[in-house]
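Step one of this worksheet: look at the structure below.
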Amino acid sequence: MAKTVPQEPTLLSGGNPQIAKGNGDAPVQAYIAAMPGWKSDAGRRLDALITRTVPDVQKAIRWNSPFYGVEGQGWFLSFHCFTRYIKVAFFKGAALDPLPPVDSKDKNARYFHIHEDDSLDEKRVASWIRQASELPGWIP
């Protein structure tokens with residue numbers, strides 16, 4: 001009988017892993033494991049920070065990206081791999097204080113980017129995560 005070898009996820013444009021839509025921690029961990037190079041470690045650290053800050057966080061993969069939310073409130077955060085950085089989206093980021101640094105075409109959303117040599121300001125990011133998790137989230 002032939003052994004089946006697990007197939008590595010396809011990397012889409014910019015190195016974003018193609019992971020099937022799914023709910024829970026397992027598909028999110030599969031996405032993080034498939035993030036190329038330094039991005040996988042950054043994704044693990046970001047996921048751990050989100051989980052520490054919002055212990056009952058709900059996780060899912062939607063549109064080839066991890067989504068984080070609060071049950072009954074919708075999604076408050078997502079991230080996505082690009083060639084040179086990870087884009088972290090706060091769906092109601094315009095309500096956060098201080099504002100995340102990157103503007104959006106959506107008047108409610110704000111972003112910040114993680115580059116390879118960045119040191120993550122965990123205190124600031126945890127504050128944004130906590131604030132975002134307390135707001136009504138995005139419901140597609």
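Each value in this text was obtained by applying a stated rule to the coordinates, not by laboratory testing. Worth saying up front: this structure is predicted, and the values here are computed from it rather than measured. Positions of Cβ are generated from backbone atoms using ideal geometry, with glycine treated the same way; all protein chains shown enter the neighbour counts.
Please give the Cα centre distance for the range 89-140 versus the range 27-70, rounded to the nearest Å.
Here the answer is 15 Å between Cα centres.
What is the helix-to-structure angle for 25-34, meaning the angle in degrees between its Cα long axis and the longest Cα principal axis of the chain, kept from 0 to 90 and rounded to the nearest 10?
Compared with the principal axis, the helix lies near 70 degrees.
By count of other Cβ within 10 Å, fewest leading, how are TRP38, TRP138, TRP128, TRP63 ordered?
TRP63, TRP38, TRP138, TRP128
Run the numbers for ILE139 and LEU49: contour at 0.36 nm per residue of separation, minus the present Cα-Cα distance, in nm.
Working it through step by step, the gained length comes to 30.1 nm.
Give me the angle, in degrees from 0 to 90, between the Cα long axis of helix 122-133 and the longest principal axis of the Cα atoms of the chain, rounded to the nearest 10.
Around 80 degrees separate the two axes.
Relative to the longest principal axis of the C-alpha atoms of the chain, give the angle of the C-alpha long axis of helix 38-53, reported between 0 and 90° and rounded to the nearest 10°.
Computed tilt is about 50 degrees.
Given bins 10 angstrom wide, list per bin the percent of all Cα-Cα distances in the chain, short to long.
The calculated distribution, bin by bin, is 12, 44, 34, 7, 2, 1.
Quick query: amide H of VAL70 versus all other amide H atoms, modeled in the peptide plane; which residues come in under 5 Å with a sequence gap of 5 or more or a different chain?
Residues meeting the amide H criterion: GLN58, PHE76.
Taking 0.36 nm per residue of sequence separation and subtracting the Cα-Cα distance, how much length would be gained by fully extending the chain between ASN23 and HIS113, in nm to one decimal?
Between ASN23 and HIS113, full extension yields 29.9 nm more.
Explain nothing, just the number: dipole magnitude of the chain about its Cα centre with +1 on each Lys and Arg Cβ and -1 on each Asp and Glu Cβ, in debye rounded to the nearest 20. Provide the component values of the computation, followed by the final result.
Details: 17 positive and 15 negative charges, 51 e Å.
So the magnitude is around 240 debye.
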